[in-house]
Amino acid sequence: ICKDKGLEFCALIAREPTLLEYYARFGFKSVLQVSQKTGKSVRGECILLSFDHIEEISKIYRCEVGGILHTERDRVYWQNQMSVYKAFGLKKNGKLIAYCFGDIRDSVFYAVEACGEDTEKLVGYAAYSEGTDEYKLLSVSNDNGVAIGCIKPLSNRLEELIEEEKVYLNLYFN
């Protein structure tokens with residue numbers, strides 16, 4: 001169906017690592033990676049972000065994923081994410097230096113994406129502001145990421161690209 005629609009790939013996000021092995025039999029490659037960290041909430045100052053911050057968020061995202069195969073995000077994409085998750089920011093000298101999107105699951109603040117400087121600090125502050133003691137953080141993988149999904153290339157061009165690169169697809173499972 002994806003190929004008939006002219007798409008270059010089909011992507012699957014796997015909640016269980018064994019599913020990555022299962023889908024490999026059908027030509028899917030486990031290249032969608034994130035960095036995962038856990039920690040404790042910390043009292044500190046972060047701000048709630050709004051649609052007015054989208055350009056700043058987008059700039060941080062582009063810097064973070066530079067050099068990694070990734071999805072392009074437009075204003076509508078960011079607005080959609082902000083309607084699903086709370087968005088928090090960390091400022092330094094009046095400038096936004098980091099953002100995270102998250103919500104609470106099972107009494108843990110789950111940062112489904114965090115990018116920029118001092119992201120762990122920001123996520124700790126956001127967890128505290130949301131009244132949780134712990135957080136789990138997913139972010140762009142710089143080195144040894146954890147595979148959370150797989151891609152089946154549907155074009156020769158994409159097949160060649162993912163042979164040599166890791167891929168950051170998008171914000172958590174959206």
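Below are the figures for this structure:
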{"quantity": "Gaussian network model of the chain, springs between alpha carbon atoms under 10 Å - residue of Phe51, Phe26, Phe101 with greatest fluctuation", "calculated": "Phe26"}
{"quantity": "Lone cysteines, the chain (no partner Cβ under 4.7 Å)", "calculated": "Cys46, Cys63, Cys100, Cys115, Cys150"}
{"quantity": "Scattering profile of the chain at q = 0.08, 0.17 Å⁻¹ [log10 I(q)/I(0), Debye over alpha-carbon scatterers]", "calculated": "-0.26, -1.06"}
{"quantity": "Trypsin sites (Lys or Arg not before Pro) within region 1-31, DSSP loop, no more than 11 other Cβ atoms inside 10 Å", "calculated": "Lys5, Arg15, Arg25"}
{"quantity": "Kyte-Doolittle mean at least 1.6 and Cα axial length at least 18 Å: DSSP H helices in the chain", "calculated": "none"}
{"quantity": "Of the trypsin sites (Lys or Arg not before Pro) in region 33-101, those whose Cβ has at most 16 other Cβ within 10 Å and which sit in DSSP loop", "calculated": "Arg43"}
{"quantity": "Candidates Ser155, Ser58, Ser50: whichever shows maximal mean-square fluctuation once the chain is modelled as a Gaussian network with Cα springs under 10 Å", "calculated": "Ser155"}
{"quantity": "Among Leu90, Leu32, Leu158: highest mean-square fluctuation, GNM of the chain, C-alpha pairs under 10 Å", "calculated": "Leu158"}
{"quantity": "Whole-Å semi-axes of region 89-147's equivalent ellipsoid (Cα gyration tensor)", "calculated": "18, 17, 8"}
{"quantity": "Rg(Cα)/(2.2 N^0.38 Å) for region 1-54, N = residue count", "calculated": "1.84"}
{"quantity": "Rounded percent of accessible protein surface that carbon and sulfur make up, region 1-54, 1.4 Å probe", "calculated": "53 percent"}
{"quantity": "Length-normalised contact order for the chain - Cα pairs under 8 Å, 6+ apart - percent", "calculated": "38 percent"}
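The values are calculated or read from the model by the stated rules, or taken from the named source; none is laboratory data. Treat the numbers as computed from the prediction; the structure is a model and nothing was measured. Every residue, glycine as well, gets a Cβ built from its backbone with ideal geometry; the counts of neighbours run over all protein chains shown. In case anyone asks, the SASA skips ligands and DNA or RNA and just uses the protein heavy atoms, side chains included. Shrake-Rupley method; radii C 1.70, N 1.55, O 1.52, S 1.80 Å.
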